[in-house]
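As structure tokens, the structure follows; a few thoughts come after it.
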């Protein structure tokens, strides 16, 4: 099943779209060489053809609205429809960011209350809601830490990340101009504290950690690590990717973290990626508060205002006030769940992961001892005899109607298969997934060829990932121009 | 062919006079799978031993490459730009990555036997 592009379906004898008048003066005084000399070659199609094109594309799509999506580290939980209702409230959708403060008190109050709620959940003093995604939040937090050290005349040029870290951690540190130093994981999958000690020095600006870590394991020595990091004058940064395990149970701020980023599109049920945009708020303890991006939202005499008078701020990191529609959805979720509901969500997420872990731990190898937190990492090395790898297992799951878990990450587990079921799936769904894994493992021993060919029943079959990476075709060209 | 030495991070180095040729090991290329891109330094760059020399990207992962010895980059394997698969096909030959003019004393490196033992241990 394939779907031609609109440009390929064009029918020259049709009129094509009828565009509204531009509404601006055509003579903008632009230089002649910048003006278009002939009309753009837009596709010419009937409206039903266009509608069917997009409906077919939508039917080929795979999303959490259709099937189970256990993509490890991504917290692909269900996005409640109630969030959409809130985000479409007339008062929010008709706002313009250039309105004056007095006419957008409701929106400012939402930002103010959301900040308080998120601060309470993670145990920090203040938060910025501006960053547009997780990695943007990481970068924003590191810039604040950098400003903090510079103001003290400290020249720190290293950031420590674990070998199991998300790739965005070293990338964000590098983008801020830091040199990345890797700290090893011990055999139990947790940070090797001895190795950390040997890498700490007055050159280190921060240690970046997720807790629970990428293997879904709680870093039990976190308080001790925080003391070690703080003793050298460095800051401790919390990557919020895995917060879904901890809400209402323990708080990064209490563990000693100084800066915390959250992914509202993971933990707080706002849409991911293409369905986004995302939001990556960053919370900080008191000594980093002066560096928060401006403006902040302040309450004064029962009114809300934007505070631009923050001379030590690192500046704005996003136009206006962040991805406001996403923030509305997250706030709606928090209010709908309440504190008890969020705590139960985390408990259920951990329960679901442990249930599935036990089911999968027979057919696949699960190298690190449990119990796990909200996710676990299995290894497909046991299937290697028949030539079956993690990729083949993933493709086999796609064939069976499940989104594939994260594969080949974290890098410290060979043939890694990283599963995060989240709290929003029923036990029946988890059982069906485990049954599919058992079926595939059985097939790997009996008929590995069938797995190598998978998927055969989806819109596209096995893609040549190597060719795609070595010779990427990034632009469509008309057939006569290839 | 000069004798190869190895690192715990799976690079190899072969010394010819004061020029060191560096690559990744056969074990490393097998673990990475099909190499699709290499990020290599410009000639003239000075590197300390153990410093990140560049990165190798496969379909599965991107990994840093560390220089086993200190020195100045004198040559980069340009063929890899259009044919990164050479790293998979011939990691100790056509798939070499860079040549350095060695500076300072050589650090302690693994010989064939000790590197082989390291891999056997990792696979056990």
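Taking the residues in the stretch B:49-76 that are more than 8 Å from every other protein chain (Cβ to nearest Cβ) and in a loop (DSSP other than H, G, I, E, B) as candidates, determine which candidate is nearest to residue A:174 (Cα to Cα).
Among them, the one singled out is B:51.
With respect to residue A:363, is the statement that it is farther than 18 Å from residue B:59 by Cβ, within 14 Å of chain B (Cβ to nearest Cβ) and outside any strand (DSSP E or B) true?
Numbers: farther than 18 Å from residue B:59 by Cβ: yes; within 14 Å of chain B (Cβ to nearest Cβ): no; outside any strand (DSSP E or B): yes.
Here the answer is no, as residue A:363 does not meet what is asked.
Looking at this structure, is residue B:84 away from chain A (no Cβ under 14 Å), touching a strand residue (DSSP E or B) at 6+ places or on another chain (Cβ under 7 Å) and either closer than 26 Å to residue A:416 by Cβ or not in a helix (DSSP H, G or I) (or both)? Please lay out each step first, then the result.
Numbers: away from chain A (no Cβ under 14 Å): no; touching a strand residue (DSSP E or B) at 6+ places or on another chain (Cβ under 7 Å): yes; either closer than 26 Å to residue A:416 by Cβ or not in a helix (DSSP H, G or I) (or both): yes.
Criteria not met by residue B:84.
Hey, residue A:76 hits all of (1) assigned by TED's automatic domain parsing to the domain that holds residue A:217; (2) under 30 Å from residue A:398 (Cα atoms) but one; which does it fall short on?
(1)
Find the residue count for the stretch A:94-113, including only residues that are surrounded by fewer than 11 Cβ atoms within 10 Å (Cβ to Cβ) and not in a loop (DSSP other than H, G, I, E, B).
Start the filter on the stretch A:94-113 by keeping residues that are surrounded by fewer than 11 Cβ atoms within 10 Å (Cβ to Cβ), which leaves A:94, A:96-98, A:100, A:102-103.
Okay, now just the ones that are also not in a loop (DSSP other than H, G, I, E, B), so A:102-103.
Total satisfying the criteria: 2.
Being in a strand (DSSP E or B), touching a helix residue (DSSP H, G or I) at 6+ places or on another chain (Cβ under 9 Å), closer than 25 Å to residue A:75 by Cβ and not assigned by TED's automatic domain parsing to the domain that holds residue A:414 is the requirement here; does residue A:181 meet it? Working first, answer last.
Working: in a strand (DSSP E or B): yes; touching a helix residue (DSSP H, G or I) at 6+ places or on another chain (Cβ under 9 Å): yes; closer than 25 Å to residue A:75 by Cβ: no; not assigned by TED's automatic domain parsing to the domain that holds residue A:414: yes.
Judged against the criteria, residue A:181 is not a match.
Failed condition for residue A:33, given (1) within 30 Å of residue A:81 (Cα to Cα); (2) free of Cβ contacts under 8 Å to residues at least 40 places away in the same chain; (3) not in a loop (DSSP other than H, G, I, E, B), with all others met?
Exception for residue A:33: condition (1).
Here's the yes/no breakdown for (1) out of contact with any strand residue (DSSP E or B) (no Cβ under 7 Å at 6 or more places or on another chain); (2) part of a loop (DSSP other than H, G, I, E, B); (3) over 20 Å from residue A:242 (Cβ atoms); (4) more than 14 Å from chain B (Cβ to nearest Cβ):
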site	(1), (2), (3), (4)
A:137	no, no, no, yes
A:141	no, no, no, yes
A:146	no, no, yes, yes
A:154	yes, yes, yes, yes
A:161	no, no, no, no
A:165	no, yes, no, no
A:169	no, no, no, no
A:172	yes, no, no, yes
A:177	yes, yes, yes, yes
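Conditions: (1) assigned to a loop (DSSP other than H, G, I, E, B); (2) outside the structural domain of residue A:88 (by TED's automatic domain parsing); (3) touching a strand residue (DSSP E or B) at 6+ places or on another chain (Cβ under 9 Å). Residue A:391 meets all but one. Number of the miss?
(1)
Could you tell me which of the residues A:433, A:402 is assigned to a loop (DSSP other than H, G, I, E, B), modelled with pLDDT of 90 or more and closer than 30 Å to residue A:348 by Cα? Before the answer, list the steps.
Details: A:433 fails: assigned to a loop (DSSP other than H, G, I, E, B).
Answer to the check: A:402.
Looking at the stretch B:15-33, which of its residues are within 12 Å of the chain's Cα centre (by Cα) and either buried (at least 20 other Cβ atoms within 10 Å of the Cβ) or more than 14 Å from chain A (Cβ to nearest Cβ) (or both)? Give the derivation first.
Initially, the stretch B:15-33 is screened for residues within 12 Å of the chain's Cα centre (by Cα), giving B:20-29.
Once the filter is applied, which keeps residues that are within 12 Å of the chain's Cα centre (by Cα) and either buried (at least 20 other Cβ atoms within 10 Å of the Cβ) or more than 14 Å from chain A (Cβ to nearest Cβ) (or both), the stretch B:15-33 yields B:20, B:21, B:22, B:23, B:24, B:25, B:26, B:28, B:29.
Which residue out of A:474, A:463, A:458 is over 23 Å from residue A:364 (Cα atoms), away from chain B (no Cβ under 14 Å), surrounded by fewer than 16 Cβ atoms within 10 Å (Cβ to Cβ) and without any contact (Cβ under 8 Å) to a residue 60 or more places away in the chain?
Numbers: A:463 fails: away from chain B (no Cβ under 14 Å); A:458 fails: without any contact (Cβ under 8 Å) to a residue 60 or more places away in the chain.
Result of the check over A:474, A:463, A:458: A:474.
Can you confirm whether residue A:45 is part of a loop (DSSP other than H, G, I, E, B) and at pLDDT 90 or above? Break it down stepwise before answering.
Details: part of a loop (DSSP other than H, G, I, E, B): yes; at pLDDT 90 or above: yes.
When the stated conditions are applied, residue A:45 passes them.
Inspect the stretch B:91-101 for any residue being in contact with a helix residue (DSSP H, G or I) (Cβ under 8 Å, 6 or more places away or on another chain), within 14 Å of another protein chain (Cβ to nearest Cβ) and either within 24 Å of residue A:182 (Cα to Cα) or in contact (Cβ under 8 Å) with a residue 24 or more places away in the chain (or both) and give the result as yes or no. Please lay out each step first, then the result.
Step one: filter the stretch B:91-101 for residues in contact with a helix residue (DSSP H, G or I) (Cβ under 8 Å, 6 or more places away or on another chain), giving B:91-92, B:94-95, B:97.
From the residues that got through so far, the ones that are within 14 Å of another protein chain (Cβ to nearest Cβ) too are none.
Within the stretch B:91-101 (the criterion being in contact with a helix residue (DSSP H, G or I) (Cβ under 8 Å, 6 or more places away or on another chain), within 14 Å of another protein chain (Cβ to nearest Cβ) and either within 24 Å of residue A:182 (Cα to Cα) or in contact (Cβ under 8 Å) with a residue 24 or more places away in the chain (or both)), the answer is no, since none of the residues qualifies.
Quick one: what pairs do we get from the stretch A:97-113, first residue free of Cβ contacts under 8 Å to residues at least 12 places away in the same chain, second surrounded by 14 or more Cβ atoms within 10 Å (Cβ to Cβ) and part of a helix (DSSP H, G or I), C-beta under 9 Å, 6+ apart or different chains?
A:99/A:107
Among the residues of the stretch B:1-14, which ones are out of contact with any helix residue (DSSP H, G or I) (no Cβ under 9 Å at 6 or more places or on another chain) and either within 14 Å of chain A (Cβ to nearest Cβ) or surrounded by fewer than 17 Cβ atoms within 10 Å (Cβ to Cβ) (or both)?
B:1, B:2 - these are the residues of the stretch B:1-14 that are out of contact with any helix residue (DSSP H, G or I) (no Cβ under 9 Å at 6 or more places or on another chain) and either within 14 Å of chain A (Cβ to nearest Cβ) or surrounded by fewer than 17 Cβ atoms within 10 Å (Cβ to Cβ) (or both).
Name every residue in the stretch B:34-46 that is within 13 Å of chain A (Cβ to nearest Cβ) and in contact (Cβ under 8 Å) with a residue 24 or more places away in the chain, in order of residue number. Spell out how you get there, then give the answer.
First, pick out the residues of the stretch B:34-46 that are within 13 Å of chain A (Cβ to nearest Cβ): B:34-39.
Those that are within 13 Å of chain A (Cβ to nearest Cβ) and in contact (Cβ under 8 Å) with a residue 24 or more places away in the chain: B:34, B:35, B:36, B:37, B:38.
Among the candidates A:393, A:411, A:383, which residue alone is buried (at least 23 other Cβ atoms within 10 Å of the Cβ), within 14 Å of another protein chain (Cβ to nearest Cβ) and either in contact (Cβ under 8 Å) with a residue 24 or more places away in the chain or within 26 Å of residue B:62 (Cβ to Cβ) (or both)?
Values: A:411 fails: buried (at least 23 other Cβ atoms within 10 Å of the Cβ); A:383 fails: within 14 Å of another protein chain (Cβ to nearest Cβ).
Exactly one of A:393, A:411, A:383 is buried (at least 23 other Cβ atoms within 10 Å of the Cβ), within 14 Å of another protein chain (Cβ to nearest Cβ) and either in contact (Cβ under 8 Å) with a residue 24 or more places away in the chain or within 26 Å of residue B:62 (Cβ to Cβ) (or both), namely A:393.
The values are calculated or read from the model by the stated rules, or taken from the named source; none is laboratory data. Quick caveat: nothing in here was measured; it's all calculated off a predicted structure. Counting neighbours? That spans all protein chains shown, and the Cβs are built from the backbone with ideal geometry, glycine included.
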